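Report on one structure; see the data block that follows.
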Amino acid sequence: MTRRKIRQRAPWPLLVLGSLGAAVFVLPLIGLATRTPWSRLRELVMSDVVVDALKLSLMTSVLAAAISLLLGVPLAWLLARVEFPGRRIVRAIVTLPMVLPPVVGGAALLFALGRRGVIGEPINDATGFLLPFSVWGVVVANVFVAMPFLVVTVEGALRNVDGRHEAAAATLGASRLTVFRRITLPMIAPSVRAGLVLAWARALGEFGATVTFAGNLQGRTQTLPLAVFVALEQDRDTAVAISLVLVAVSLAVLLLLRDRWWSNGADL
Amino acid sequence: MNGLDAHLVVQLAGGFYLDVAFSIAPGETLALLGPNGAGKSTAVDVLAGLTPLDDGHVVLNNRVLDAPADDVFVVAEQRRIGVVFQDYLLFDHLSVLENVMFGPLALGERKPQARAMANELLERLDMQGLSSRTPPQLSGGQAQRVALARALATQPDLLLLDEALAALDVTTRGTLRRVLAQHLSDFSGPRLLITHDPTDAFLLADRIAIVEDGSLSQVGSAEDIRRRPATPYVAALAGTNLLVGTNRAGFLTLDHHGHDLQTADTSIDGPVLITVHPTAIALHRKQPSGSPRNTWQTRVVSVEPLGDTTRITLGDPLPLGVDITPGATAALNLHEGAAVWASVKATEITVTPAAVNVKSGRN
Amino acid sequence: MIRQATWCAPLLVALLLSSCTGRDSDETLLVMAAASLTDAFGEIGVAFEAANPDIEVRLNLAGSGALREQIVQGAPADVFASASAQTVQALVSAGLALSPTDFASNELRIAVPTGNPGGVVGIEDLANSELLIGLCGAQVPCGQFARQALEQAGIDASVDTNEGDVRALLGKIEAGELDAGIVYASDIAASDDVDEILLPPTFGVAITYPITILSESPNPDAAGAFVAFVLSVEGQAILHAYGFDPS
């Protein structure tokens with residue numbers, strides 16, 4: 001027996017405006033598809049430049065998401081739970097990369113962590129380690145732009161957690177760290193996952209901070225977005241092919257994760 | 001001294017203070033009884049260490065847990081106070097067994113020992129079959145037992161029950177009251193029962209402390225409180241006539257009194273708690289018409305003016321409290337020893353299922 | 001002007017901001033110029049506006065390749081000043097530009113941060129993998145010229161980054177993040193924070209800058225006036241001051 005469904009008619013103003021909203025996202029995809037050299041696609045996508053960029057992009061974006069998780073969740077906890085002087089300023093600074101042009105972020109990273117940077121210079125002098133123009137530079141640039149998405153999502157979730165459960169755990173003898181690990185974290189797990197996906201997606205698409213801070217070299221720092229940018233001025237078919245790869249990878253991951261992770265109650 | 005010695009002073013929202021002092025001996029159950037908003041939940045928070053005191057002290061088994069004057073404050077996780085919260089606050093992402101194991105593990109117990117301990121407690125509470133379920137799959141009564149098991153698993157120095165029965169439906173409440181009574185007596189430390197329900201207080205506590213507007217208006221045994229209510233609120237609370245008996249299709253046989261009553265509620269058969277509100281009983285000089293079963297002749301034992309009302313206490317066959325206006329008292333010429341007729345409508349007699357082993361004889 | 005003002009307020013600010021700046025100009029000329037021309041054309045624009053008060057010049061500065069792409073996609077531009085004859089030729093063949101005139105020439109130099117911390121002596125040092133070397137990407141003229149020069153010198157450069165345009169490359173050399181890079185002489189002339197190393201003339205690459213009026217120009221007369229100004233004595237003097245040679 002099939003359950004009868006009541007057909008809901010959407011009010012027309014919502015339908016019209018909502019459809020326009022969707023069109024903003026669908027139309028560029030159609031544009032991309034119409035320009036795609038479908039017959040040469042395989043050959044273009046299998047080229048060295050594209051394969052190198054895809055590998056690098058996947059590796060750096062996953063790494064950046066992992067680092068964002070490791071550092072971002074504790075940061076979100078501090079921002080949500082600990083009253084410290086200047087907390088509002090720290091929160092504003094943490095979310096700044098969401099507003100700032102990524103190029104500005106990249107330049108700022110260079111001033112801090114570059115070879116002549118405030119921290120970069122002593123590190124380089126002592127160890128010879130250098131972030132710019134290296135894979136780690138790409139990862140750092142990605143973390144810089146991506147982590148705020150995780151922090152904002154997780155902090156919001158932490159503020160919504162009913163503190164009584166944590167209090168109950170404390171009366172049972174659990175230390176604050178145990179409470180965080182065994183009670184708080186499982187309670188906000190859906191939001192942590194959502195924040196992780198957002199951060200990963202942002203890292204995958206990152207361009208400005210990467211090109212400014214990490215430079216652009218095939219196989220080392222040239223991620224998919226950088227490869228698209230270079231190819232746009234050189235060979236449009238390649239540019240379109242790379243864009244298509246980027247769209248396909250992102251869409252596949254977002255669809256997969258959204259169904260599995262976001263549908264049950266992440267408060268985004 | 002062993003046991004709990006508490007003097008709680010906390011500034012409450014709305015500008016008034018909670019200022020109550022009480023002590024509980026090991027093996028004793030004290031009920032903190034009061035209306036909602038009287039500061040009872042604040043008392044839970046300060047005892048458990050979730051909110052600091054503004055003044056006063058909490059001393060448990062000679063261990064100072066909170067004393068602002070001496071700048072002492074022991075955090076919740078080091079207090080060894082087991083709390084059964086009003087809404088249980090079970091951890092939904094853990095199984096029943098893991099919920100009960102949580103405390104022992106947090107206190108450094110090894111996993112096998114913690115599991116054994118949790119299993120034993122769940123078995124004692126008749127919950128062993130449900131240990132792999134998660135809290136959302138439990139009924140209210142089952143969740144309450146898990147909350148109790150979880151609190152007991154830490155082997156606390158004080159057991160704190162915050163409105164432990166309030167969230168349950170009437171039928172479950174009766175059963176759980178029995179379970180609670182049994183486990184309270186199994187627990188050897190001091191026990192504090194926080195409630196707004198006089199029935200719970202009268203049936204489960206050795207002593208009752210009544211909180212009104214942030215301070216204690218009366219402390220004593222159920223008997224003291226019933227006999228000499230200190231305020232109208234206590235009078236109203238204490239006056240709630242509570243009888244124990246058996247219901248058979250609306251026909252009530254009382255355990256301790258030689259008179260039967262008729263109730264309109266035929267839904268519950270078997271042992272019941274019977275409550276009759278003091279304003280629901282009417283007094284007459286002459287025999288009134290109506291159902292003979294709910295009409296009886298008796299004598300006035302005492303007449304106590306309590307502001308707007310007068311509390312009349314009746315003697316055998318049913319020792320009930322009756323609240324009437326001073327005007328009616330005068331009109332009926334009621335005085336100690338006066339012969340009167342009492343009557344109550346069958347619809348005014350409410351019954352709730354009673355468990356067999358409740359402390360009886362308190363009415 | 002009154003009519004314009006009443007339109008400005010209620011309409012989408014972002015779209016009309018450019019026409020609402022309150023400047024009393026009748027025509028707005030959009031000049032697409034290669035990134036290496038940034039400073040020189042900034043001054044030329046100001047001088048041209050002083051000579052032609054009814055024309056407002058807006059500059060769109062980017063790598064020549066990016067500019068070409070924008071023109072192909074229909075940007076409403078009037079003039080294109082490129083760092084590469086090739087990019088302009090492609091537009092001419094596509095019927096998007098009129099025939100170009102060379103207005104300046106330039107040459108390649110090696111730029112190093114002030115004080116030359118990497119100890120770069122000549123073009124052969126660009127093969128040193130110990131040093132951080134940057135070039136312009138192969139998609140822009142400065143990158144193509146640099147690769148030609150390296151090829152003629154028989155050097156396999158150890159490149160650490162391919163920057164999107166010459167200004168981005170120069171910026172990283174100025175900041176000391178790179179030890180050396182190949183840029184235009186004009187860029188070095190415009191910077192206080194780099195030293196230059198000359199390339200032997202043998203490896204020199206003839207670099208000429210063509211300027212052209214675009215076929216779809218909305219203001220062909222003003223565009224013609226601008227091109228004439230660039231080629232005039234005054235325009236050439238400004239270009240020379242910024243390190244460009246006459247063509």
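Assorted remarks:
- Residues that are under 17 Å from A:SER68 (Cβ atoms) and open to solvent by 10 Å² or more (accessible area, probe 1.4 Å) within the stretch A:147-161 comprise A:MET147, A:PHE149, A:VAL152, A:THR153, A:GLU155, A:GLY156, listed in sequence order.
- Subset of the stretch A:169-189 that is in contact (Cβ under 8 Å) with a residue 12 or more places away in the chain and either among the basic types (Lys, Arg) or buried (at least 18 other Cβ atoms within 10 Å of the Cβ) (or both) - its residue that is farthest from the other protein chains (Cβ to nearest Cβ): A:PHE180
- In the stretch B:102-112, the residues that are open to solvent by 10 Å² or more (accessible area, probe 1.4 Å) and within 10 Å of chain A (Cβ to nearest Cβ): B:LEU105, B:ALA106, B:LEU107, B:GLY108, B:GLU109
- The number of residues in the stretch C:116-135 that are assigned to a helix (DSSP H, G or I), under 20 Å from C:TYR184 (Cβ atoms) and open to solvent by 20 Å² or more (accessible area, probe 1.4 Å) comes to 1.
- Filtered residues of the stretch C:180-196 (kept if among the hydrophobic types (A, V, I, L, M, F, W, C) and either out of contact with any Lys or Arg (no Cβ under 7 Å at 6 or more places or on another chain) or surrounded by fewer than 17 Cβ atoms within 10 Å (Cβ to Cβ) (or both)): C:ALA180, C:ILE182, C:ALA189, C:ALA190, C:VAL194
- Output for the stretch C:95-115, where each listed residue is part of a strand (DSSP E or B) and more than 29 Å from C:VAL72 (Cβ to Cβ): C:ARG109, C:ILE110, C:ALA111, C:VAL112, C:PRO113
- All of (1) out of contact with any Gly (no Cβ under 7 Å at 6 or more places or on another chain); (2) at pLDDT 90 or above; (3) more than 11 Å from chain C (Cβ to nearest Cβ) hold for A:VAL249 with one exception: (2).
- Candidate set: the stretch C:146-164, residues that are touching a Phe, Trp or Tyr at 6+ places or on another chain (Cβ under 6 Å) and more than 10 Å from every other protein chain (Cβ to nearest Cβ); chosen: the one surrounded by the most Cβ atoms within 10 Å (Cβ to Cβ): C:ALA149
- For the stretch B:318-347, the set of residues classified as under 24 Å from B:LEU252 (Cβ atoms), open to solvent by 40 Å² or more (accessible area, probe 1.4 Å) and in a loop (DSSP other than H, G, I, E, B) consists of B:PRO319, B:LYS345, listed by residue number.
- Some residue of the stretch C:214-229 being assigned to a strand (DSSP E or B), touching a residue at least 60 places away in the same chain (Cβ under 8 Å) and out of contact with any Lys or Arg (no Cβ under 7 Å at 6 or more places or on another chain): yes
- All conditions but one from (1) in contact (Cβ under 8 Å) with a residue 40 or more places away in the chain; (2) of a type in the set (A, V, I, L, M); (3) open to solvent by 10 Å² or more (accessible area, probe 1.4 Å) apply to C:LEU37; the one that does not is (3).
- Residue list for the stretch A:204-220, restricted to those being in contact with a strand residue (DSSP E or B) (Cβ under 7 Å, 6 or more places away or on another chain) and under 24 Å from A:MET147 (Cα atoms): A:GLY215, A:ASN216
- Among the conditions (1) open to solvent by less than 40 Å² (accessible area, probe 1.4 Å); (2) not in a loop (DSSP other than H, G, I, E, B); (3) not aliphatic (A, V, I, L, M), B:TYR233 misses just one, which is (1).
- Residue within the stretch B:149-156 that is within 14 Å of chain A (Cβ to nearest Cβ), in a helix (DSSP H, G or I) and not hydrophobic (A, V, I, L, M, F, W, C) present: yes
- Picking from residues in the stretch B:43-77 that are assigned to a helix (DSSP H, G or I) and open to solvent by 30 Å² or more (accessible area, probe 1.4 Å), the one that is farthest from the other protein chains (Cβ to nearest Cβ) is B:ALA69.
- Scanning the stretch B:24-37 for residues that are in contact (Cβ under 8 Å) with a residue 24 or more places away in the chain and either over 18 Å from B:ARG80 (Cα atoms) or exposed (fewer than 14 other Cβ atoms within 10 Å of the Cβ) (or both) gives B:LEU30, B:ALA31, B:LEU32, B:LEU33, B:GLY34, B:PRO35, B:ASN36.
- For B:ALA21, the test of being touching a residue at least 40 places away in the same chain (Cβ under 8 Å), in a strand (DSSP E or B), away from every other protein chain (no Cβ under 13 Å) and open to solvent by 30 Å² or more (accessible area, probe 1.4 Å) is passed.
- Of the residues making up the stretch A:132-151, those that are away from chain C (no Cβ under 14 Å) and in contact with a strand residue (DSSP E or B) (Cβ under 7 Å, 6 or more places away or on another chain) number 0.
- When B:ASP169 is tested against the conditions (1) free of Cβ contacts under 8 Å to residues at least 12 places away in the same chain; (2) loosely packed, with under 15 Cβ neighbours inside 10 Å, the lone failure is (1).
- Filter pass, A:ARG164 being within 14 Å of chain B (Cβ to nearest Cβ) and either modelled with pLDDT of 95 or more or open to solvent by 40 Å² or more (accessible area, probe 1.4 Å) (or both): yes
- The stretch C:82-92, residues that are modelled with pLDDT of 90 or more, aliphatic (A, V, I, L, M) and either under 12 Å from C:LEU30 (Cβ atoms) or surrounded by fewer than 21 Cβ atoms within 10 Å (Cβ to Cβ) (or both): C:ALA90, C:VAL92
- Out of A:VAL228, A:VAL197, sole residue that is free of Cβ contacts under 8 Å to residues at least 24 places away in the same chain and either more than 9 Å from chain C (Cβ to nearest Cβ) or outside any helix (DSSP H, G or I) (or both): A:VAL228
- Qualifying positions in the stretch B:113-127 - open to solvent by 90 Å² or more (accessible area, probe 1.4 Å) and in contact with an Asp or Glu (Cβ under 9 Å, 6 or more places away or on another chain): B:ARG124
- Which listed residue, of C:ALA168, C:ALA138, is surrounded by fewer than 24 Cβ atoms within 10 Å (Cβ to Cβ), within 15 Å of C:ASP187 (Cα to Cα) and at the interface with another protein chain (Cβ under 10 Å from one of its Cβ atoms): C:ALA168
- When restricted to residues that are at pLDDT 80 or above and surrounded by fewer than 18 Cβ atoms within 10 Å (Cβ to Cβ), the stretch B:302-315 contains 3.
- With respect to (1) open to solvent by less than 20 Å² (accessible area, probe 1.4 Å); (2) outside any helix (DSSP H, G or I); (3) touching a Pro at 6+ places or on another chain (Cβ under 9 Å); (4) not hydrophobic (A, V, I, L, M, F, W, C), the lone exception for B:GLY174 is condition (2).
The values are calculated or read from the model by the stated rules, or taken from the named source; none is laboratory data. Keep in mind it's a predicted model, so treat the numbers as computed, not measured. All Cβ positions, even for glycine, are placed from backbone atoms using ideal geometry, and neighbour counts span all protein chains on display. Areas reflect the complete protein model, heavy atoms only, side chains present, ligands, DNA and RNA absent. Shrake-Rupley method; radii C 1.70, N 1.55, O 1.52, S 1.80 Å.
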